[in-house]
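Heads up, the thing below is written out as structure tokens.
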There are 2 protein chains.
Amino acid sequence: MNKQRKTAITPTREENYAEWYQQVIKAADLAEHSPVRGCMVIKPWGYEIWENIRRHLDKKFKQTGHQNAYFPLFIPLSYLEKEAQHVEGFAKECAVVTHHRLEVGPKGNLVPAGELEEPLIVRPTSETIIGEMFSKWVESYRDLPVLMNQWANVVRWEMRTRLFLRTAEFLWQEGHTAHATKEEALEETHQMLDIYTDMANHLLAVYVIKGEKSERERFPGAVSTLTFEGMMQDGKALQMGTSHFLGQNFAKASNISFTSKEGQREFAWTTSWGATTRLIGALIMTHSDDDGLVLPPKVAPSHVVIVPIIHKEEMKEKVESFCKNLKEELESVCFAGRSLEVLFDQREMRAGDKAWSWVKKGIPIRIEVGPKEMDEGVVSLYKRTEDAKASMKMKVDEIKGNIASILEEIQNTLYERSKAFTTSRIALINTKEEFYSYFSEKNKDCGFALVHYNKDANIEEKLQQDLNVTVRCIPFEMGQEEGFCPFSNLPSSQRVIYARSY
Amino acid sequence: MNKQRKTAITPTREENYAEWYQQVIKAADLAEHSPVRGCMVIKPWGYEIWENIRRHLDKKFKQTGHQNAYFPLFIPLSYLEKEAQHVEGFAKECAVVTHHRLEVGPKGNLVPAGELEEPLIVRPTSETIIGEMFSKWVESYRDLPVLMNQWANVVRWEMRTRLFLRTAEFLWQEGHTAHATKEEALEETHQMLDIYTDMANHLLAVYVIKGEKSERERFPGAVSTLTFEGMMQDGKALQMGTSHFLGQNFAKASNISFTSKEGQREFAWTTSWGATTRLIGALIMTHSDDDGLVLPPKVAPSHVVIVPIIHKEEMKEKVESFCKNLKEELESVCFAGRSLEVLFDQREMRAGDKAWSWVKKGIPIRIEVGPKEMDEGVVSLYKRTEDAKASMKMKVDEIKGNIASILEEIQNTLYERSKAFTTSRIALINTKEEFYSYFSEKNKDCGFALVHYNKDANIEEKLQQDLNVTVRCIPFEMGQEEGFCPFSNLPSSQRVIYARSY
């Protein structure tokens, strides 16, 4: 980083990563805290990112045979209690509805009235209520599989909140499926993980590691939880989404049973899988720099902004009409399945301020058009992946033909950077001493550690207490080798990913 | 109606309209009641209708400069209280969150714990919380207008619920805007009403009457409420959506103020407008018949179903491959901005049962393909708008070229039927006696009454008590003439629509 230049975001990543994150969000106008404790307001630039993620995933879900539906916001307390581990996992953080109206109280102010016979929980996740519906819909093997998804809001009461990463209310999709066999349910669990990781790689340009959670980190009530984890620029892991194989646990709790081909009554095998607005947090923390947000073109609300440079009022009309033509031209280009979204910034503001506002909002390409360049038939094109002041001159009649490949190049650059950063920060660790030293406060370059593991939750507990480090996943595509757990010296058949995490 | 033939839905509309409605929804598998009091489950066929409505409106909102955002589910009680009429309107029907966790109680069961200092209301609508945010965002006239929309769930506790029409939780969009002048806000209110009515006419094929609500029927806190009302097949009115001019009421309550061009501090002028899953109820009740749901092609989840007729097992492969080709051919056709959605029904089931299942689901076109017709190069095409057994033979090589115009014709037929039905049931009523006789129990053909009106809420109150009839709207495009209110004999400058309603 050039220390001479003042960065657009204060503090920088190096100075204070957590605060930098908040400032990037503020400068890009993505979201803000609301006066309602723990709840955020997602602003248009942030919400459009979510719409793009939603559109991408929704299409993949439908292509793999899933259908959207909508289930109730409220879950009766007794439903939540049907699965013992499940209710234990969520009891400490749920919003409880106890009354259904307001009336004037003794002090003249409004107070809750109409107490409910049974409290309702604002859904923290919907396995229990959806399971109840499945149990009514499934009678025979012919009714299986049931493959459903819902786009919804959920609430998990959080004391310490952070925009996108941890909020009391968040938006997500939750898929819920029921199958006749264990094999089919397992296959579904893996298929959905693959859809997620493909989205992370190709839409968000985030390199991720996929694997299985350790027992300690599993979803409450699941038999196994698959996850994909990204490495943020501070080396911490971010769980970006999960896919759960629920075995017959929830089918038994909700009585989802069916008559098999052979005429036997059997419990179904179920799965659930979800991804949330947290993905936007991952996106921000993976790509952004000290000048603000950086957006991969495929998920960016807009791809290009055109900024007119007008020094003399009499040139205004000519430059603006040139810009409008350019905008129309570019909008006819198709990129990654949708028409280019091109903005023309006509605000009454200094051109330099405009340019910086777009740098901070992370738009992939900025095109500046001044009278001089216009006369020469060239414009200045700035890629957000390069220094904010490094432009390339481009002939106007070449832009249209080249813009899609420039965007593709930006998308690839971001993915390659994420991949290079992550893989360069995965250390093979073989001893306890190395481990403690790697995760010491002093080691600024620490990221993930790939370490042998022998499934002892007590060791995980201790490492979390000592270092705030946990098993992020048992990876599918690395660490497959025999060895010994450095903490217990017991045999291990697989290295796992340890890291600090969000 | 042919009384000889047994209808697919029991009871018929004539026998019991309310029960017929429930049975149409059940037979089409659109939605069902959940075990959570007042909350429905929207099933895939119903949810896809909502997705089509959403896509249509979302595009129109964006074309008119609105942006999507997302605001908190919870509203602090004190916020709701900021506008006196507003809180009075919603206090009797709101879900109140009072605790944020569960713990084991004295009897060993889980009980609410962690009482909140201030109760939170699950949003029944979001004027107060969005107003609070607007007040932070708006400083100067340059920040105006603010044009926002959110797609969300809301809760209004209802004791008597009815699928789609009246449920405790429902899905909707709510637009909220702030403007520098009264004129601009009024213009916005009308613009959004026009977008809604255009959607009702062209997407849902429902003829609607637009107008303004009487003071008594206004949204709590609004200066004026615009509405569009459809007439259902039992002659009752259904309010399909509303657009509110809020004046400066909410701007004052939430302190949305700005510095004008002239340097004065002024309150903004705000609007809000919403349409809900109730639109699906309107769609069902307008078009469906005694054989079940009837869907206008533009809003139907799928346009065409192909049903193979296989009498002999050895013909199966040949017929199926023919059907698959036909499906592919038709899917390349574009209708109303999207590719045709074509289903091929391969279920193991009698062809007759399949056919009836699609009649009940309201699919616009059913194509039956048997070996004999196949050899002749023709298929049987059934339009849902005609008798379930009336088919037209069509040459295979002509289907592709004609399918879009057949769908267009179905869409128009449904709209024309809705318009003819509605306009034929609007009676000009001039005396009190005529009015009471028109709305008497005996008059099966009663619909809307167009009656002079003199803004007396007491008269409205009495007519509601006597006949359960209310002012549905002061229409914009009918009844503009001088006369006398038949109940008060006072002068009136405009006839209004009186009707029973949902």
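Throughout, read-outs are computed from the coordinates displayed, never taken from laboratory work. Here the structure is a predicted model, which is why all the values come from computation and not from measurement. When we count neighbours, we look across all protein chains shown, and the Cβ atoms used for this are built from the backbone with ideal geometry, even at glycine.
Things to note:
- Our estimate of slack between residue B:393 and residue B:10, defined as 0.36 nm per intervening residue step minus the Cα-Cα distance, is 134.8 nm.
- FRET efficiency estimate (nearest 0.05) - Cβ-Cβ, residue B:347 to residue B:315, R0 30 angstrom: 0.95
- Scattering curve values for the protein assembly as shown, log₁₀ I(q)/I(0), Debye with Cα scatterers, q = 0.04, 0.08, 0.10 Å⁻¹: -0.22, -0.92, -1.42
- Percentage relative contact order, the stretch B:426-499, counting C-alpha pairs under 8 Å, at least six apart: 37
- Loop-located chymotrypsin sites (Phe, Trp or Tyr not before Pro) in the stretch B:47-97 whose Cβ has at most 12 other Cβ within 10 Å (DSSP): none
- With contacts taken as Cα pairs under 8 Å and at least 6 residues apart, chain A reaches a relative contact order of 14 percent.
- For the stretch B:375-502, the relative contact order is 20 percent, taking Cα pairs closer than 8 Å that sit 6 or more residues apart in sequence and dividing their mean separation by the residue count.
- Percent antiparallel among DSSP beta bridges (both partners in the protein assembly as shown, rounded to 5): 85
- Simple spin-label estimate for residue B:202 and residue B:51 in nanometres, 7 Å along Cα-Cβ: 2.3
- A:307, A:154 arranged by Cβ crowding within 10 Å, fewest neighbours leading: A:154, A:307
- Trypsin sites (Lys or Arg not before Pro) within the stretch A:402-470: DSSP coil, no more than 11 neighbouring Cβ in 10 Å: A:442, A:444
- Equivalent ellipsoid semi-axes - Cα gyration tensor, the stretch A:426-499, angstrom: 18, 14, 11
- Remark: mean inter-chain Cβ contacts per residue of A:50-58 equal 1, using a 10 Å Cβ-Cβ cutoff to other protein chain atoms.
- Span per principal axis, largest first, for the Cα atoms of the stretch B:376-465 (Å): 69, 26, 19
- Once both labels are positioned 7 Å from their Cα atoms along Cα-to-Cβ, the gap between residue A:111 and residue A:58 label points is 4.5 nm.
- Ranked list, fewest to most other Cβ atoms within 10 Å of each Cβ, for A:309, B:121, B:367: A:309, B:367, B:121
- Loop-located GluC sites (Glu not before Pro) across the stretch B:400-471 with a Cβ neighbour count of 13 or fewer within 10 Å are B:441, with loop assigned by DSSP.
- Angle of helix B:17-28 to the longest C-alpha principal axis of chain B, folded into 0 to 90 degrees and rounded to 10: 60°.
- Nearest-ten-degree value, helix B:457-467 long axis tilted from longest Cα axis of chain B: 40
- Percent of Cα pairs in the stretch B:297-448 per distance bin of 5 Å, from zero to the largest separation: 2, 8, 16, 18, 15, 10, 7, 6, 5, 5, 4, 3, 1, 0, 0.
- Neighbourhood charge, 11 Å Cβ-Cβ cut-off, centred on residue B:293 and excluding it, Lys, Arg +1 and Asp, Glu -1: +1
- Angle between chain A longest axis and helix A:44-63 axis [Cα atoms, degrees, rounded to 10]: 50
- Label distances, nm, residue A:252 versus same residue in remaining copies, Cβ-directed 7 Å point: 6.4
- R0 of 22 Å, Cβ-Cβ distance residue B:442-residue B:18: FRET efficiency to nearest 0.05: 0.70
- Computed FRET value (nearest 0.05) for residue B:466 with residue B:431, which takes r as the C-beta separation and R₀ as 22 Å: 0.90
- Legend: residue pairs A:43/A:354; A:26/A:316; A:62/B:327; A:60/B:62; A:210/B:43; B:361/B:395, Cα-Cα distance threshold 23 Å; pairs beyond threshold, A:26/A:316; A:60/B:62; A:210/B:43; B:361/B:395.
- Cα gyration tensor category, rounded, prolate or oblate, for the stretch A:17-287 with a/c compared to 1.5: oblate
- As a proxy for reagent exposure, B:357, A:254 were ordered by neighbouring Cβ count within 10 angstrom, fewest first; the result is B:357, A:254.
- Taking the alpha carbon gyration tensor of the stretch A:71-201, multiplying each eigenvalue by 5 and rooting it gives semi-axes of 34, 20, 12 Å, largest first.
- Peptides ranked, highest mean first, by Cβ atoms within 10 Å: ranges B:343-353, B:322-332: B:322-332, B:343-353
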